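K.L.:
Dropping a structure here in structure tokens format, bear with me for questions.
The values are calculated or read from the model by the stated rules, or taken from the named source; none is laboratory data. A quick note: this is a predicted structure, and the numbers were derived from the prediction, not measured. Heads up, the Cβs are rebuilt from the backbone with ideal geometry, glycines too, and the neighbour counts pull from every protein chain shown.
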Amino acid sequence: MRMFNEALCRRTLLKRAGIAGLSLLSSSALADDAIDLWLPGGVGTRAMTTAFPDKGRMILQRTRPPLLETPFETFDNDIFTPNQLFYVRWHWSNIPSNIDADAFRLTVHGHVNTNVVLSLRDLLAMPAVDLVAVNQCSGNSRGFFQPRVPGGQWSNGSMGNARWTGVRLKDVLDRAGVKSGAVAVRFNGLDEQVLPDGPDFMKSLAIDHARDGEVMIAYAMNGQQLPLLNGFPLRLVVPGWYATYWVKMLNDIEVLDGPDESFWTKSAYLIPDTPGATMTPGETGVKMVPINRMVPRSFVTNLAAGARVTAGAPLELRGIAFGGDTGVKNVDVSLDRGATWLAASLGADAGKYSFRRWQLSVTPSRGDQAIMIRCTNSEGKTQPAEANWNPSGFMRNVIEITNFVAA
Amino acid sequence: MARLIVRAGLALLCVAATLPAAEAANTIRTFKSVDVDLPFGDRMFPDGPGSDAINNNCLACHSAGMVLNQPPLPRTTWQSEVTKMRAVYKAPISDEDAASIVDYLTRIKGAN
């Protein structure tokens, strides 16, 4: 609820400051109960909903199983995304709606010396770690693909940044004792397939990745237990990797002595094995591989598309950036379609997997304007000028362009 | 505008105040059991040829909104979506109903 009050305060502040009205921050809301996401080719109107437990006002992409998008103005308030506004995505609708914290157990089994069964109390007794990390759906921004592709028609809000607290996956695996010859570790949650023969949602990581000391099992998100819809009581955190690996309601860890041949790891969430995960619509024979590391992205958060601002007056722009699988090195802004770039100043560094604030004061001249934002990560990888395309709508990270008018 | 700048400065200060500690501050001591209700979404597909087939076969797994929020897509894409639901997710859809569903989707959500 804190968020809504803050938004209110900001609007009041803007009104008092007397700048170009509310257009700077105006969302694309059609009415209180709907929003237009301005997806190319239409069908972009979505209902807003407050019907989901422990969730605030979310964009309703699908009721069952839930797909709830974070309203984009949330990202203007803080680099941390509040739990009640954090996006939600489930694969199957058999989601337990009742979980007893005392009875819950996490089991580790498979290619290990000893099977281990841990309660939440057991996990609290282990060394705690915390980490700030972006969790982003593989298909974030899918609705902007052209030609359009089937799937959850997200705008840019199927992502969020949180402080995750929990235990190292490595520590849990060590308690079971991984046998030599282990190849992968598979993660399963309490959610189940609706159709008996359908594939249960599970994901795997290579054994070395699982034991890298960074992958963790989180029991807290922004200092609180996870909302059920974000995976209460435990969620795998795979820093720098797409959210499909961040298994929710994690209750089963299986160490495998061979590659995971099950559907969700081997055959789903595949991207073209090409730079930028891009291919031509209709192209065949492209080698496909499981999606993995995230790539840099950046957004302006206080300038809505089509906003009107005062020409010749300073315009304080701000937004967020993240480096993908490593930190943000710089964020650059262009007001001349990419001919020249201005370096934005960066906010505090909450860790290399976190969102990072950027801000820049510009003075737009009269007329139609466009702002481009470009993040370069600390390994030198930068956002592309041209959008990628693949049939699943994964890994979009093109340089964002926001059109506005200075008058 | 001056106030805006002040506010941006404050926002950055707030961020700095919540920087990660060297050691995890374990704020959680106990967990509260959870018992909630999840909305079902009882909207039906609009009436028309094939609406019975799509209502009877598709709503067991997902609400209609998922489909109604899709953009116009070519018939071949709808065909492969229905095939995926049957082959991968094991939806028990008859050949006859599958054909009706593809026709229905192409009619309400078709593209060239």
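K.L.:
Select, from A:343, A:385, A:370, A:348, the only residue that is modelled with pLDDT of 95 or more and within 14 Å of chain B (Cβ to nearest Cβ).
P.N.:
Checking each option against the conditions leaves just A:348.
K.L.:
Further question on the same structure: Residue A:339 is checked against (1) part of a loop (DSSP other than H, G, I, E, B); (2) in contact (Cβ under 8 Å) with a residue 60 or more places away in the chain and fails just one. What number does that condition carry?
P.N.:
Single failed check for residue A:339: (2).
K.L.:
Only residues that are within 10 Å of chain B (Cβ to nearest Cβ) and more than 16 Å from the chain's Cα centre (by Cα): list them for region A:56-67, please.
P.N.:
Correct list: A:60, A:62, A:63, A:64, A:65.
K.L.:
To continue, here is another question. In this structure, does residue A:387 turn out to be of a type in the set (A, V, I, L, M), buried (at least 21 other Cβ atoms within 10 Å of the Cβ) and part of a loop (DSSP other than H, G, I, E, B)?
P.N.:
no
K.L.:
Then there's this: Say whether the condition of being within 13 Å of another protein chain (Cβ to nearest Cβ), in contact with a strand residue (DSSP E or B) (Cβ under 9 Å, 6 or more places away or on another chain) and in a helix (DSSP H, G or I) is met by at least one residue in region A:95-112.
P.N.:
No, the conditions are met nowhere in region A:95-112.
K.L.:
Failed condition for residue B:38, given (1) more than 30 Å from residue A:218 (Cβ to Cβ); (2) under 16 Å from the mean Cα position of the chain (by Cα); (3) at the interface with chain A (Cβ under 10 Å from one of its Cβ atoms), with all others met?
P.N.:
Tallying (1) more than 30 Å from residue A:218 (Cβ to Cβ); (2) under 16 Å from the mean Cα position of the chain (by Cα); (3) at the interface with chain A (Cβ under 10 Å from one of its Cβ atoms), residue B:38 fails exactly one: (1).
K.L.:
Please determine whether any residue of region A:133-152 is farther than 26 Å from residue A:271 by Cβ, at pLDDT 95 or above and more than 16 Å from the chain's Cα centre (by Cα).
P.N.:
Taking every residue of region A:133-152 in turn, none turns out to be farther than 26 Å from residue A:271 by Cβ, at pLDDT 95 or above and more than 16 Å from the chain's Cα centre (by Cα).
K.L.:
Related question: Give the residue that is farthest from the other protein chains (Cβ to nearest Cβ), with candidates limited to residues of region A:314-340 that are among the small types (Gly, Ala, Ser) and within 17 Å of residue A:403 (Cα to Cα).
P.N.:
Of everything passing the filter in region A:314-340, A:339 is farthest from the other protein chains (Cβ to nearest Cβ).
Every residue, every condition in (1) touching a Pro at 6+ places or on another chain (Cβ under 8 Å); (2) crowded, with 19+ Cβ neighbours inside 10 Å; (3) not assigned by TED's automatic domain parsing to the domain that holds residue A:152, yes or no:
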residue: A:80; (1), (2), (3): no, yes, yes
residue: A:85; (1), (2), (3): yes, yes, yes
residue: A:95; (1), (2), (3): yes, yes, yes
residue: A:101; (1), (2), (3): yes, no, yes
residue: A:111; (1), (2), (3): no, yes, no
residue: A:114; (1), (2), (3): no, no, no
residue: A:117; (1), (2), (3): no, no, no
residue: A:121; (1), (2), (3): no, no, no
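Residue by residue, here is whether (1) within 10 Å of chain A (Cβ to nearest Cβ); (2) assigned to a loop (DSSP other than H, G, I, E, B); (3) within 27 Å of residue A:196 (Cβ to Cβ); (4) in contact with a Gly (Cβ under 9 Å, 6 or more places away or on another chain) holds:
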residue: B:49; (1), (2), (3), (4): no, yes, no, no
residue: B:63; (1), (2), (3), (4): yes, yes, yes, yes
residue: B:82; (1), (2), (3), (4): no, no, yes, no
residue: B:106; (1), (2), (3), (4): no, no, no, no
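K.L.:
Hey, can you tell me all the residues within region A:100-127 that are of a type in the set (A, V, I, L, M) and touching a residue at least 12 places away in the same chain (Cβ under 8 Å)?
P.N.:
Across region A:100-127, the qualifying residues are A:101, A:106, A:108, A:112, A:116, A:117, A:118, A:120, A:123, A:124, A:126.
K.L.:
Next up: Can you tell me which residue among A:197, A:174, A:208 is within 23 Å of residue A:94 (Cα to Cα) and out of contact with any Gly (no Cβ under 9 Å at 6 or more places or on another chain)?
P.N.:
A:197
K.L.:
For region A:271-307, enumerate the residues that are surrounded by fewer than 15 Cβ atoms within 10 Å (Cβ to Cβ) and either part of a strand (DSSP E or B) or touching a Gly at 6+ places or on another chain (Cβ under 8 Å) (or both).
P.N.:
Answer for region A:271-307, where residues must be surrounded by fewer than 15 Cβ atoms within 10 Å (Cβ to Cβ) and either part of a strand (DSSP E or B) or touching a Gly at 6+ places or on another chain (Cβ under 8 Å) (or both): A:289, A:293.
K.L.:
Determine whether residue A:371 is surrounded by 19 or more Cβ atoms within 10 Å (Cβ to Cβ), in a strand (DSSP E or B), out of contact with any Leu (no Cβ under 9 Å at 6 or more places or on another chain) and on the phi < 0 side of the Ramachandran plot.
P.N.:
no
K.L.:
On to the next question. Which residue out of A:197, A:174, A:260 is surrounded by fewer than 22 Cβ atoms within 10 Å (Cβ to Cβ) and within 20 Å of residue A:122 (Cα to Cα)?
P.N.:
Unique residue meeting the criteria: A:174.
K.L.:
Tell me which of these residue A:105 doesn't satisfy, since it passes every other one: (1) at negative phi; (2) crowded, with 19+ Cβ neighbours inside 10 Å.
P.N.:
(2)
K.L.:
Considering only residues that are at the interface with another protein chain (Cβ under 10 Å from one of its Cβ atoms), at pLDDT 95 or above and in contact with a Gly (Cβ under 7 Å, 6 or more places away or on another chain), which ones fall in region B:65-80?
P.N.:
The answer is B:71, B:72.
Condition check ((1) within 19 Å of residue A:65 (Cα to Cα); (2) within 14 Å of another protein chain (Cβ to nearest Cβ)) across all residues:
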residue	(1), (2)
A:178	no, no
A:183	no, no
A:204	no, no
A:215	no, no
A:224	no, yes
A:235	yes, yes
A:261	no, no
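K.L.:
Please determine, by comparing only the residues of region A:247-265 that are touching a strand residue (DSSP E or B) at 6+ places or on another chain (Cβ under 8 Å) and of a type in the set (A, V, I, L, M, F, W, C), which one is nearest to residue A:225 (Cα to Cα).
P.N.:
A:249
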